[in-house]
Amino acid sequence: MAVAGAPAQQVLRPSDLDDPALQAAMEQEALFGERPVFDRGKGVQASVGGTTLAIRQPGAEITVDERGSVRVSRPARDAGGRSGAGIPSLVEEDVRDHVATAIRYAGWVLDRIDPTRRLSQVALACRLDGVGYLPWRTRAEVAASPNQASMGFSGREAADSPPAVLPRAALLMDVPRQAEDVTVRLRRQAAG
């Protein structure tokens, strides 16, 4: 999931990216925030390359650049599925919840790095990699039939939710709606 702000401008100075306080705050929020986006059981590492600060842990990454663009990358599903048994699937509610926590995290980062709201608009986009032939199911479908599913027929490697442009205030005002819209677009491509 990625959020880019507008009008395009520099929000962070190069020295801001090296600031240990910013890095520590991003790590803290990612691991222990109200809705964490990282796994608390895995370590984190911060690094700066070019114009981008990256906070990483195995299988997940958060980046923010000088223009205030935020990207949150993490697995859409648990290894082996929600319960660890049955057919590996993309579970709609899990995807939606992951998108929602990523949106909240991105909004938190924007509020932290741009408290005066110079970035007044945002574009929100999402990509789901590794879709392949995984079935897209709901939690109820998984619970009712964990070992049976119609395999996806798209064969796509990825599903994309095209950018939605909205006022920055709307990003966090209605996270459930934003996450639902993104998830529906991803489902249509992944299951199509």
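Values quoted throughout were computed directly from the atomic coordinates according to the rules given, and no laboratory measurement underlies them. Because the structure is a prediction, the values reported are computed rather than measured. As a convention, Cβ positions derive from the backbone with ideal geometry for all residues, glycine included, and neighbour counts pool all protein chains shown.
Longest segment of the chain with no GluC sites (Glu not before Pro) in a DSSP loop having at most 12 other Cβ atoms within 10 Å?
Longest gap between qualifying sites, sites excluded: 35-156.
Longest span of the chain, sites excluded, free of chymotrypsin sites (Phe, Trp or Tyr not before Pro) in DSSP loop with at most 14 other C-beta atoms within 10 Å? Walk me through the numbers on the way to the answer.
Values: sites that count: Y133, F153.
Formally, the longest exposed-site-free interval is 1-132.
Looking at V72, P14, S161, which one has the Cα that reaches farthest to the positive end of the dipole of the chain (charges on Cβ: Lys, Arg +1; Asp, Glu -1)?
S161
At 1.567 mPa s and 4 °C, plugging the Kirkwood radius over alpha-carbon pairs of the stretch 41-123 into Stokes-Einstein gives what diffusion coefficient in µm²/s?
Translational diffusion coefficient: 89 µm²/s.
Within the stretch 1-94, which trypsin sites (Lys or Arg not before Pro) sit in a loop by DSSP and count at most 14 neighbouring Cβ atoms inside 10 Å?
Of the trypsin sites (Lys or Arg not before Pro), the ones in loops of the stretch 1-94 whose Cβ has at most 14 other Cβ atoms within 10 Å are R40, K42.
Let me have the 222 nm mean residue ellipticity of the chain computed from DSSP H runs of 4+ only, each contributing -39500 (n - 2.57), with the sum over all residues rounded to the nearest 500.
-11000 deg cm²/dmol
Amide H to amide H, which residues 5 or more places from L134 or on other chains are under 5 Å from it, using H placed in the peptide plane?
Hits under the 5 Å cutoff: G152.
Under a Cβ-only charge scheme (Lys and Arg +1, Asp and Glu -1), can you give me the dipole magnitude of the chain about the Cα centre, in debye to the nearest 20?
320 debye
Could you pull the Rg and Dmax for the chain, using just the Cα atoms, both in Å?
Radius of gyration, then largest Cα-Cα span, for the chain: 17.2, 53 Å.
Only four residue types carry charge here, +1 at the Cβ of Lys and Arg and -1 at the Cβ of Asp and Glu. Report the dipole size of the stretch 92-192 about the Cα centre in Debye, rounded to the nearest 20.
260 debye
How many angstrom separate the Cα center of the stretch 125-189 from the Cα center of the stretch 1-49?
Using only Cα atoms, the two centres lie 24 Å from each other.
Using Cα atoms only, what is the angle between the long axis of helix 20-32 and the major principal axis of the chain, expressed in degrees (0 to 90) to the nearest 10?
20 degrees
Give me the angle, in degrees from 0 to 90, between the Cα long axis of helix 92-113 and the longest principal axis of the Cα atoms of the chain, rounded to the nearest 10.
Orientation of helix 92-113: about 0 degrees from the principal axis.
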